[in-house]
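Here's the structure we're looking at; comments come further down.
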Amino acid sequence: MKAAYCYYISTMQISDKDISFMKRALTLAAKAKGMTSPNPMVGAVVVKNGKVIVEDYHKKAGEPHAEALAILNAGEKAKGATLYVTLEPCCHKDKRTPPCTNAIINSGIKKVFIAMKDPNPKVSGKGIEELKKHGVTVVNGILEDKAKILNEAYIKYITTKTPFVILKTAMTLDGKIATPEGQSKWITGEAARKIVHQMRNSVDAILTATGTVKADNPELTARVGQKAKGKRQRVKSPIRIIIDPNLETPLDFKIFNLPPETIVVTKKQAIGNRQKAIEQKIKALSDKGIKIIEYEGERVDLRWLMKKLGEMEITSVMIEGGSSLNAYALYDGIVDKAVFFIAPKIIGGKDSIPAVGGNIFRKLEEAVMIKDMKVKRAGQDLMIEGYIE
């Protein structure tokens with residue numbers, strides 16, 4: 001990747017201004033974080049004579065794409081201009097909006113800088129070839145690594161049809177998430193909790209289990225505060241998914257009575273053995289608009305569940321569970337990224353609850369490895385994030 005990037009710089013003479021304009025396009029794209037699923041986040045900047053004449057970004061699935069919006073606003077000024085776009089322009093018609101390659105070609109834009117190819121098989125490379133065929137100069141790969149990180153959930157979903165999974169947990173310095181009695185509020189401080197709400201605002205769904213829900217009766221919503229200049233950030237609370245094998249979560253709990261949508265994942269009972277109370281609970285949940293997903297066996301296969309969620313166009317999931325769910329998520333191999341908040345506290349005690357429980361990993365060589373790890377402060381706490389190898 002780095003060698004290819006150097007090749008572009010040496011042969012295409014990418015300037016500091018080109019990099020600056022693409023950075024601006026990436027910043028614009030990120031403004032729609034959490035709002036475009038199952039589409040990617042895309043930003044576009046139209047430049048003429050070294051100056052930005054118009055810029056825009058894709059705001060929501062089904063609405064015009066970034067390139068189309070920018071070109072529409074540029075009008076006649078787009079002739080002879082250069083377009084900087086964070087993702088390869090689409091060229092197929094199997095969607096709700098027209099192909100962006102047509103808009104670019106018809107606008108008279110002469111050169112297009114692209115951060116990364118679209119991994120969607122319907123587009124990948126085809127959009128670039130369509131532009132070249134009509135005489136548009138294309139430079140691909142500028143700030144590609146940053147573009148891929150921005151759309152990591154889209155890339156995972158469009159290539160595997162399963163969601164990008166983030167495992168989030170908050171623990172003490174000695175690795176505990178709760179006391180023996182289950183007390184866990186609040187391990188981390190306000191700054192860390194604000195970051196978690198931002199994270200919720202960026203994903204399609206939160207996955208948890210009934211033990212966590214029964215302990216705290218949480219809303220599991222994204223509560224994002226005011227931004228600068230009095231403008232409130234666009235907020236989209238994620239779908240809540242609760243693994244509840246025996247339907248033990250009380251019907252009057254917040255997750256069943258407050259928006260947004262809730263999905264319950266429960267064990268399929270044998271027809272002859274199903275208790276009447278279970279049938280009544282399922283009906284009561286259904287009457288509240290709660291979706292039910294049933295699985296076979298004693299424990300839900302989380303890989304199977306991710307496939308089911310992918311079929312529902314859920315592109316990203318954040319796990320906010322307890323010790324057991326964290327362990328099984330790692331064991332089943334569904335986690336792409338881990339985010340751990342570590343508070344400067346020590347609970348101690350062999351009966352205190354660890355961040356990852358169970359007896360799944362018994363040898364050091366079986367330990368899950370983290371790569372590309374980043375560490376930063378979140379108020380009094382540490383935030384450590386990285387990708388699962």
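The values are calculated or read from the model by the stated rules, or taken from the named source; none is laboratory data. Computed from a prediction, not measured in an experiment: that's the story for all the values here. Glycine also receives a Cβ, built like all others from the backbone with ideal geometry; neighbour counts cover every protein chain displayed. Accessible surface is based on the protein model in full, side chains and every heavy atom, while ligands, DNA and RNA are left aside. Shrake-Rupley method; radii C 1.70, N 1.55, O 1.52, S 1.80 Å.
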**Request:** Please work out which residue is nearest to residue 350 (Cα to Cα), limiting yourself to the range 175-201 and to residues that are modelled with pLDDT under 90 and of a type in the set (D, E, K, R).
**Result:** 181
**Item:** Residue in the range 331-342 that is farthest from residue 265 (Cα to Cα), counting only those that are under 18 Å from the mean Cα position of the chain (by Cα) and not in a strand (DSSP E or B)
**Value:** 336
**Message:** Could you go through the range 283-290 and let me know if any residue there is surrounded by 13 or more Cβ atoms within 10 Å (Cβ to Cβ), basic (Lys, Arg) and either touching a Lys or Arg at 6+ places or on another chain (Cβ under 7 Å) or not in a loop (DSSP other than H, G, I, E, B) (or both).
**Reply:** no
**Message:** Restricting to the range 136-150, give me the number of residues that are under 13 Å from residue 19 (Cα atoms) and polar (S, T, N, Q).
**Reply:** 1
**Complete:** Note on the range 309-322: residues part of a helix (DSSP H, G or I) and exposed (fewer than 15 other Cβ atoms within 10 Å of the Cβ) are 311
**Item:** All positions within the range 334-366 that are open to solvent by less than 60 Å² (accessible area, probe 1.4 Å) and of a type in the set (Gly, Ala, Ser)
**Value:** 338, 343, 348, 349, 352, 355, 357
**Request:** Might you check whether a residue that is in contact with a strand residue (DSSP E or B) (Cβ under 9 Å, 6 or more places away or on another chain), more than 28 Å from residue 161 (Cβ to Cβ) and open to solvent by 20 Å² or more (accessible area, probe 1.4 Å) occurs anywhere in the range 83-106?
**Result:** no
**Asked** Looking at this structure, is residue 241 modelled with pLDDT of 90 or more and part of a strand (DSSP E or B)?
**Response** yes
**Request:** Keeping to the range 147-174, report how many residues are open to solvent by less than 20 Å² (accessible area, probe 1.4 Å), over 25 Å from residue 239 (Cβ atoms) and aliphatic (A, V, I, L, M).
**Result:** 1
**Item:** Among (1) at pLDDT below 95; (2) in contact with a helix residue (DSSP H, G or I) (Cβ under 8 Å, 6 or more places away or on another chain) - the single one residue 162 does not satisfy
**Value:** (1)
**Request:** List the strands (runs of 3 or more DSSP E) that sit entirely inside the range 85-180 and contain at least 1 residues that are in contact (Cβ under 8 Å) with a residue 40 or more places away in the chain and under 17 Å from residue 315 (Cβ atoms).
**Result:** 164-172
**Complete:** Out of (1) in contact with a strand residue (DSSP E or B) (Cβ under 7 Å, 6 or more places away or on another chain); (2) over 23 Å from residue 151 (Cβ atoms); (3) not polar (S, T, N, Q), the one residue 328 does not meet is (1)
**Request:** Tell me which residues, restricted to the range 46-69, are open to solvent by 60 Å² or more (accessible area, probe 1.4 Å) and basic (Lys, Arg).
**Result:** 48, 51, 60
**Given (1) part of a strand (DSSP E or B); (2) on the phi > 0 side of the Ramachandran plot, number of the condition residue 377 does not satisfy** = (2)
**Request:** Give just the number: which of (1) more than 29 Å from residue 330 (Cβ to Cβ); (2) more than 26 Å from the chain's Cα centre (by Cα) does residue 248 not satisfy?
**Result:** (1)
**Asked** Of all residues in the range 109-146, which are at positive phi, open to solvent by 20 Å² or more (accessible area, probe 1.4 Å) and at pLDDT below 95?
**Response** 135
